[in-house]
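Undergrad: Please find one structure pasted underneath; my questions will follow.
The values are calculated or read from the model by the stated rules, or taken from the named source; none is laboratory data. In this text, all values refer to a predicted model and were calculated from it rather than measured experimentally. Don't worry about glycine lacking a Cβ; one is built from the backbone with ideal geometry, like all the others, and counts go over all protein chains shown. Note: accessible area is taken over every heavy atom of the protein model, side chains too, but ligands, DNA and RNA are not part of it. Shrake-Rupley method; radii C 1.70, N 1.55, O 1.52, S 1.80 Å.
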Amino acid sequence: MALGNTPRSYGTVERTFHWLMALMILSVAPLGILAEGLPHDTAEAVARKALLFSLHKTLGVTIFLLALARLVWVAIQPRPAPLHPERRLETALAGWVHGFLYLSLVLVPLAGWVEHAATDGFAPILWPLGQSLPLVPKSPAVAEVAATLHVTFAWGLIGAIGLHLAGVVKHALVDRDATLARMVRGVEGGRGQAARHRGPALAALAVYAVAAGAALALMPSDRPASPPRLAEVASDWVVEEGALTFTVRQMGSEVTGSFGEWTAAIRFEQEPVAGRNGDVRVTIAMPSVTIGSVTSQAQEEEFFNVAGHPEAVFAADILPEGAGHVARGVLDLRGVEVPVDLPFDLEIDGETARMKGSVTLDRRDFAIGQSYADEATVGHDVRVDVALTARRAAAVE
Ligand code: HEM
Ligand code: HEM
């Protein structure tokens, strides 16, 4: 049995590619639709949804890699000639649909992969490679564009498969010709000049460009920036820049989130008085939390409950400890007060102070994620990292 195509038949390699990938596409698309439609209201539902998405993504990435190999093969192989070259419109239409299918096999999973790589969290691809991609930044905006393209292209592909199958059925039932037998058994058929896919592939590319443009144009524009939620605070040290982030293991991999809006009122003297260097009061606007693709879940009642408790406060004394310092106080988060020690390093250079500290909390102390009792979905430990640069108030113009 010939491995390669001839001008009148499909060889084993192309037929294997076709049926293997047809099977994979007909599995991956329903998996995506099913996963998308599942709820995520309980721990079990989240685990089920994540598993289906992980299967969807892993199968999808496999399709992408196979599609690249298939395109190379198709490019170097002869095209079997059409069975009815005199039916020019029908032959052209079949060519267009094939071109669109080939292109979709690459672009649909690629857009999905970019969406995945641009976000943190939720369902991982079920092997370690490819969770991130070179040139793809972790960015909600990139993820949103890629998601819009992925979903639009995926439905375009589903539509093209519908046309493709309608053609197959017509050839089998109306024409009763060798179309299906050529692809199933490799039998010979076809007359005239072997067709090339270049024209249809270019036309398909144009359809893609128009669809991408339309999808992007119809995307909801950016939400207007919300007004600041926290009042300014008087502070001896004014925070000029800083980051307040937290890291948790989710589905086995580390995911980092951050709070975009917080204030700090800091009193600090280098020489301790009665064993104290000063005090600090950090107020965090909880709705400003973001954590990759699970931001909205993190805001829900089960986790940070930002609607019920829009502010968290850490009020602490600053004490010397060893070579560094510790902020020893109480964190009030979701209405639960827990004593917290935050050790930190401090560097003071003239009027500028740089601090960096880290503490690991147990989410269960704050009754966060109570229905996720074990660590399979969300770990218990949450590492909080703070880094900031502040200037002495008198030195700020
Ligand atoms: C040929 C391969 C693929 C096909 C046919 C496909 C198809 C689909 C479909 C039909 C949906 C549901 C669309 C809807 O909401 O109506 C979907 C969703 C999704 N797929 Fe894929 N997919 C493929 C590959 C991938 C890959 C490789 C990834 C990531 C590595 C991926 C990630 C996703 C994600 C994250 C969603 C949810 C989209 C959202 O944010 O709303 N897909 N896919
Ligand atoms: C069970 C469903 C399917 C059936 C029965 C089927 C059947 C066929 C048949 C009979 C041909 C040969 C057409 C000809 O000689 O002109 C063909 C070609 C083709 N099919 Fe399918 N197909 C199916 C699913 C798919 C899917 C899901 C895809 C990809 C997304 C796909 C992609 C292609 C492509 C790209 C060609 C053109 C091959 C070439 O000439 O280079 N098919 N299919």
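Undergrad: I need to check one value: relative contact order of the stretch 1-60, counting alpha carbon pairs closer than 8 Å and at least 6 residues apart, in percent.
TA: 25 percent
Undergrad: Then there's this: Just going by the charge dipole of the stretch 24-81, with Lys and Arg at +1 and Asp and Glu at -1 on Cβ, which of 64, 80, 33 is farthest out on the positive end?
TA: It is 80.
Undergrad: Filter the GluC sites (Glu not before Pro) in the stretch 313-380 to those in DSSP coil with at most 15 other Cβ atoms within 10 Å of their Cβ, and list the result.
TA: Loop-located and lightly packed - 351, 375.
Undergrad: From the Cα trace of the stretch 1-107, what convex hull volume per residue do you get, rounded to a whole Å³?
TA: 106 Å³
Undergrad: Follow-up. First select every other residue whose beta carbon is under 11 angstrom from the beta carbon of residue 329; then total the charges, Lys and Arg +1, Asp and Glu -1.
TA: So the environment of residue 329 carries a net charge of -3.
Undergrad: Then there is this: Might you report the magnitude of the Cβ-based charge dipole of the stretch 237-395 about its Cα centre, with Lys and Arg at +1 and Asp and Glu at -1, to the nearest 20 debye?
TA: 140 debye
Undergrad: If you don't mind, another one. Grab the DSSP H runs of the chain that are 4 residues or longer, score each as -39,500 (n - 2.57), total them, divide by all residues and round the 222 nm result to the nearest 500 deg cm²/dmol.
TA: The helix-only estimate for the chain comes to -13500 deg cm²/dmol at 222 nm.
Undergrad: Report the charge-dipole magnitude of the chain in Debye, nearest 20, computed about the Cα centre from +1 at each Lys and Arg Cβ and -1 at each Asp and Glu Cβ.
TA: Approximately 3140 debye in magnitude.
Undergrad: Taking the Cβ of residue 354 as the center, what net charge do the other residues with Cβ under 15 Å away carry, scoring Lys and Arg +1 and Asp and Glu -1?
TA: Its environment carries a net charge of -4.
Undergrad: Determine how large the accessible area of residue 155 is when every protein chain is in place; take a 1.4 Å probe and give Å² rounded to the nearest 10.
TA: 140 Å²
Undergrad: Averaged over all directions, how much area does the convex hull of the C-alpha atoms of the stretch 1-58 cover when projected, in nm²?
TA: The Cα convex hull of the stretch 1-58, projected and averaged over all directions, gives 4.9 nm².
Undergrad: With only alpha-carbon atoms counted, please give the Rg and Dmax of the chain, in Å.
TA: 29.1, 99
Undergrad: Using Cα-Cα distances under 8 Å and only pairs 6 or more residues apart, what relative contact order does the chain have, in percent?
TA: Once divided by the residue count of the chain, the mean separation gives 14 percent.
Undergrad: Here's another thing I want to ask about it. What are the ³J(HN,Hα) values, in whole Hz, obtained from phi via the Karplus relation 6.51 cos²θ - 1.76 cosθ + 1.60 with θ = phi - 60°, for each residue of the stretch 283-289 in sequence order, with x given for Gly and Pro?
TA: 10, 10, 7, 4, x, 7, 6
Undergrad: I would also like to ask the following. Give me the percent of the accessible area of the chain that comes from carbon and sulfur atoms, probe 1.4 Å, all protein chains in place.
TA: That fraction is 63 percent.
Undergrad: Give the accessible surface of the chain per residue, rounded to a whole number of Å², with probe radius 1.4 Å and ligands, DNA and RNA excluded.
TA: That works out to 54 Å² for each residue.
Undergrad: Excluding residue 317 itself, what net charge comes from residues whose Cβ is under 14 Å from its Cβ, given Lys and Arg +1 and Asp and Glu -1?
TA: Its environment carries a net charge of 0.
Undergrad: Please enumerate, by chain and number, the lysines with C-alpha under 29 Å from the C-alpha of residue 170, excluding those fewer than 8 residues away in the same chain.
TA: List returned: none.
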